[in-house]
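The values are calculated or read from the model by the stated rules, or taken from the named source; none is laboratory data. This is a predicted model, so every value here is computed, not measured. Positions of Cβ are generated from backbone atoms using ideal geometry, with glycine treated the same way; all protein chains shown enter the neighbour counts.
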């Protein structure tokens, strides 16, 4: 299996916190967040976006409303250009695999990524290569997340299906794999499958 180099896509963020099972990255562009369930890569580590937020730069200091006298949301930023330096967008990704040479492993890597590593959105070719296996389901099903696991798995599958030549066949295959894994948890399975539309 050939590993696709995600570095052809532009870097969107930089790691500001790293652990074995997840990493957090700050986006270079305000609101330049990847979608929930999007596959991202930093170095040789893959993650699925499981949380995103935009907030003030200073912890504990919330932004205040500024648009009372403005006609549009864009006008708020035009009249207060400093907002772009006072706010930040960041996201957390659940680690779902890594590469070692030419092979993709869908389990946790031996060590976390480095602080200040660049983060890239995986291109369709790399998404197709990564999603050739559904072994990452076990990581997500057992992860401690801020969003419901069912929502994240469904979002990831919807995002991955966009890169497939036959999105429906991909979702059917994913549904069959989930049915095997969750054979004793019908409600959880139903919740995931119901969100794949």
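A few notes on this one:
- Residue count for region 23-67, restricted to those that are closer than 17 Å to residue 89 by Cα and part of a strand (DSSP E or B): 15
- Residue count for region 98-120, restricted to those that are assigned to a strand (DSSP E or B) and touching a helix residue (DSSP H, G or I) at 6+ places or on another chain (Cβ under 8 Å): 2
- Residue in region 24-31 that is over 19 Å from residue 97 (Cα atoms), in contact (Cβ under 8 Å) with a residue 12 or more places away in the chain, in contact with a helix residue (DSSP H, G or I) (Cβ under 6 Å, 6 or more places away or on another chain) and surrounded by fewer than 19 Cβ atoms within 10 Å (Cβ to Cβ) present: yes
- Flag for residue 70 being over 18 Å from residue 123 (Cβ atoms) and part of a strand (DSSP E or B): no
- Out of 117, 144, 131, one residue alone is surrounded by 15 or more Cβ atoms within 10 Å (Cβ to Cβ) and either over 27 Å from residue 167 (Cβ atoms) or at pLDDT below 95 (or both). It is 117.
- Scanning region 164-191 for residues being under 12 Å from residue 149 (Cβ atoms) and out of contact with any helix residue (DSSP H, G or I) (no Cβ under 7 Å at 6 or more places or on another chain) gives a total of 1.
- Residue-level analysis places residue 151 among those that are over 16 Å from residue 22 (Cβ atoms), within 17 Å of the chain's Cα centre (by Cα) and assigned to a helix (DSSP H, G or I).
- In region 157-197, the residues that are surrounded by 15 or more Cβ atoms within 10 Å (Cβ to Cβ) and not in a helix (DSSP H, G or I): 163, 164, 182, 195, 196
- Residue in region 82-104 that is without any contact (Cβ under 8 Å) to a residue 24 or more places away in the chain, surrounded by fewer than 18 Cβ atoms within 10 Å (Cβ to Cβ) and touching a strand residue (DSSP E or B) at 6+ places or on another chain (Cβ under 6 Å) present: no
- Checking residue 154 against (1) surrounded by fewer than 18 Cβ atoms within 10 Å (Cβ to Cβ); (2) more than 23 Å from residue 27 (Cα to Cα); (3) in contact (Cβ under 8 Å) with a residue 60 or more places away in the chain, the condition it does not meet: (1)
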